[in-house]
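Participant: Got a structure for you, written out below as structure tokens; questions coming shortly.
The values are calculated or read from the model by the stated rules, or taken from the named source; none is laboratory data. Bear in mind the structure is a predicted one, so any value in this text is a computation, not a measurement. Every residue, glycine as well, gets a Cβ built from its backbone with ideal geometry; the counts of neighbours run over all protein chains shown. Surface areas here come from the heavy atoms of the whole protein model, side chains and all, with no ligands, DNA or RNA. Shrake-Rupley method; radii C 1.70, N 1.55, O 1.52, S 1.80 Å.
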Amino acid sequence: MDITTLSKKNKRVLILVFSLVFVLAIGGIAVAFSLNYNTFMPAAPYILDDGNSVLITTSLNENYKGYSFKFQSLNNEVVIKSKNNVLTEEDLVESDLIVGTTYKVSVRYVGETENDGTDYGGSVNWMYSVSLKSPVVTLNSAARTIDWQPVEHADYYIVHYKNGHTYQTHTTITQSYDYSAWTGGAKEVYVTAHSYANGYKTSSNSQIISFVHKQSLKEIKAQNISFNPSTCYLTVKAEEELQYLKIHINANEYIAKLPKVDKSNGYYTYNINIVTKYEDGAEIGVEPYPADEYYSFDGNTTYLS
């Protein structure tokens, strides 16, 4: 074998080897740089929304001067710059974000200048929502109403009231609720505002109003009284549930305790036997009688015609 020829081959092999090592080295550096670069890009934002307030945060990096939060929708783009890695609800309210719009949210680190920083990192989809303001509720005891001012963007309100031992609800589109028909007693009321539109969340509860309601009992209508002289049963139809009835027979007055009955056809129907009190031809009159201090009656006695 020719020694000179072998040496030339070895030179070519060495050149190829060194060339390959150089290419691999450059490639390794590029890959390492790329991996290192991606490592320092912000993570996808984390959004904490508990229904009452919102916080948007990303990974902290003290090597940069600030953060640029991008909100990208189909129709617009909003960028909020911050020195902190957290955006508060106040930051969002002061921005140009549109309530009810779904955004793709991402973040980039920002250096000394706008161009000195990273690309935007991972993203997360999020709808910008805000809570309606809580109604401010007042008690109008003279009119027997619960009132409040309109809440911006609210379509309806729910009145939560304790008329007894448990809370009940009433939905209304007005800013007032008449409680005059409630049974008497200690009451608690609060109101929440609601919207049908996307992005507007139910308000937090208004302040609770606690008060004592004294129910004014209604007069008995003349057409709702009847008497059977054969059986001496007096029949009275009342629009509200009663516990007691004051019965006038001529100049005498009697308090009758009434049984509990179900409402039917809009009335509570009570049948009272007055055989021991009635005299032939006696004038009969009736009126509701308050069961306790939570009830009153300021009307007139209704007489059987």
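Participant: Return the residues of the stretch 204-248 that are hydroxyl-bearing (Ser, Thr, Tyr), outside any strand (DSSP E or B) and over 46 Å from the mean Cα position of the chain (by Cα); say none if nothing qualifies. Let's see the steps before the verdict.
Facilitator: Let us first name the residues in the stretch 204-248 that are hydroxyl-bearing (Ser, Thr, Tyr), namely 204, 206, 210, 216, 226, 230-231, 233, 235, 244.
Then keep just the ones that are outside any strand (DSSP E or B); that gives 204, 206, 230-231.
Scanning the stretch 204-248 gives 230, 231.
Participant: Determine whether residue 300 is closer than 30 Å to residue 126 by Cβ, in contact (Cβ under 8 Å) with a residue 60 or more places away in the chain and part of a loop (DSSP other than H, G, I, E, B). Spell out how you get there, then give the answer.
Facilitator: On the way: closer than 30 Å to residue 126 by Cβ: no; in contact (Cβ under 8 Å) with a residue 60 or more places away in the chain: yes; part of a loop (DSSP other than H, G, I, E, B): yes.
It is false that residue 300 is closer than 30 Å to residue 126 by Cβ, in contact (Cβ under 8 Å) with a residue 60 or more places away in the chain and part of a loop (DSSP other than H, G, I, E, B).
Participant: Filter the stretch 153-201 for residues that are among the polar types (S, T, N, Q), part of a strand (DSSP E or B) and touching a residue at least 24 places away in the same chain (Cβ under 8 Å); which is most open to solvent (accessible area, probe 1.4 Å)? Can you show your working first?
Facilitator: As a first pass, look at the stretch 153-201 and keep what is among the polar types (S, T, N, Q): 163, 166, 168-169, 171-172, 174-176, 180, 183, 192, 195, 198.
Subsequent filtering for residues that are part of a strand (DSSP E or B) retains 168-169, 171-172, 176, 192.
If we keep only those that are touching a residue at least 24 places away in the same chain (Cβ under 8 Å) as well, we get 176, 192.
On the way: 176: 47, 192: 7 Å².
Residue satisfying both the conditions and the ranking: 176.
Participant: May I ask you to list the residues in the stretch 163-217 that are closer than 30 Å to residue 238 by Cα and of a type in the set (Lys, Arg)?
Facilitator: The first filter runs over the stretch 163-217 and keeps only residues closer than 30 Å to residue 238 by Cα, leaving 163-172, 174, 176-189, 210-217.
If the condition is that a residue be closer than 30 Å to residue 238 by Cα and of a type in the set (Lys, Arg), then 187, 214 are the ones that fit.
Participant: Among (1) touching a residue at least 24 places away in the same chain (Cβ under 8 Å); (2) over 22 Å from residue 158 (Cα atoms); (3) open to solvent by less than 70 Å² (accessible area, probe 1.4 Å), which single condition is residue 146 missing?
Facilitator: (2)
Table: residues versus (1) of a type in the set (Gly, Ala, Ser); (2) touching a strand residue (DSSP E or B) at 6+ places or on another chain (Cβ under 8 Å); (3) over 17 Å from residue 138 (Cα atoms).
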site	(1), (2), (3)
164	yes, yes, yes
178	no, yes, no
183	no, yes, yes
190	no, yes, no
211	no, yes, no
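Participant: Quick one: what pairs do we get from the stretch 225-252, first residue aromatic (Phe, Trp, Tyr), second loosely packed, with under 14 Cβ neighbours inside 10 Å and modelled with pLDDT of 95 or more, C-beta under 7 Å, 6+ apart or different chains?
Facilitator: 233/273; 244/255; 244/257
Participant: I need every pair where a residue in the stretch 43-57 that is in contact (Cβ under 8 Å) with a residue 24 or more places away in the chain has its Cβ under 7 Å from the Cβ of a residue that is of a type in the set (Lys, Arg), sequence separation at least 6 or different chains.
Facilitator: 51/201
Participant: Does the stretch 49-80 hold any residues that are part of a strand (DSSP E or B) and loosely packed, with under 12 Cβ neighbours inside 10 Å, and which are they? Outline the logic, then answer.
Facilitator: Step one: filter the stretch 49-80 for residues part of a strand (DSSP E or B), giving 49, 54-57, 66-72, 77-80.
The one that is part of a strand (DSSP E or B) and loosely packed, with under 12 Cβ neighbours inside 10 Å: 77.
Participant: Would you pick out the residues in the stretch 214-251 that are of a type in the set (A, V, I, L, M, F, W, C), more than 24 Å from residue 141 (Cβ to Cβ) and open to solvent by less than 80 Å² (accessible area, probe 1.4 Å)? Let's see the steps before the verdict.
Facilitator: Residues of the stretch 214-251 of a type in the set (A, V, I, L, M, F, W, C): 217, 220, 222, 225, 227, 232, 234, 236, 238, 242, 245, 247, 249, 251.
Now drop any that are not more than 24 Å from residue 141 (Cβ to Cβ), which leaves 220, 222, 225, 227, 232, 234, 236, 238, 245, 247, 249, 251.
The answer is 220, 222, 225, 227, 232, 234, 236, 238, 245, 247, 249.
Participant: Further question: Test residue 101 against the criterion of being in contact with an Asp or Glu (Cβ under 7 Å, 6 or more places away or on another chain) and either open to solvent by less than 30 Å² (accessible area, probe 1.4 Å) or touching a residue at least 24 places away in the same chain (Cβ under 8 Å) (or both), and give yes or no. Before the answer, list the steps.
Facilitator: Values: in contact with an Asp or Glu (Cβ under 7 Å, 6 or more places away or on another chain): no; either open to solvent by less than 30 Å² (accessible area, probe 1.4 Å) or touching a residue at least 24 places away in the same chain (Cβ under 8 Å) (or both): yes.
Here the answer is no, as residue 101 does not meet what is asked.
Participant: On the basis of being hydrophobic (A, V, I, L, M, F, W, C) and outside any helix (DSSP H, G or I), does residue 92 make the cut?
Facilitator: On the way: hydrophobic (A, V, I, L, M, F, W, C): yes; outside any helix (DSSP H, G or I): no.
When the stated conditions are applied, residue 92 does not pass them.
Participant: Continuing with this model, one more query. Give the number of residues within the stretch 255-267 that are touching a residue at least 12 places away in the same chain (Cβ under 8 Å), part of a strand (DSSP E or B) and over 18 Å from residue 301 (Cα atoms).
Facilitator: Residues meeting the conditions: 2.
Participant: Could you list all residues from the stretch 256-305 that are of a type in the set (Asp, Glu) and open to solvent by 50 Å² or more (accessible area, probe 1.4 Å)?
Facilitator: From the stretch 256-305, those of a type in the set (Asp, Glu) are 262, 279-280, 283, 287, 292-293, 298; that's our starting set.
Selection gives 262, 279, 280, 283, 292, 293, 298.
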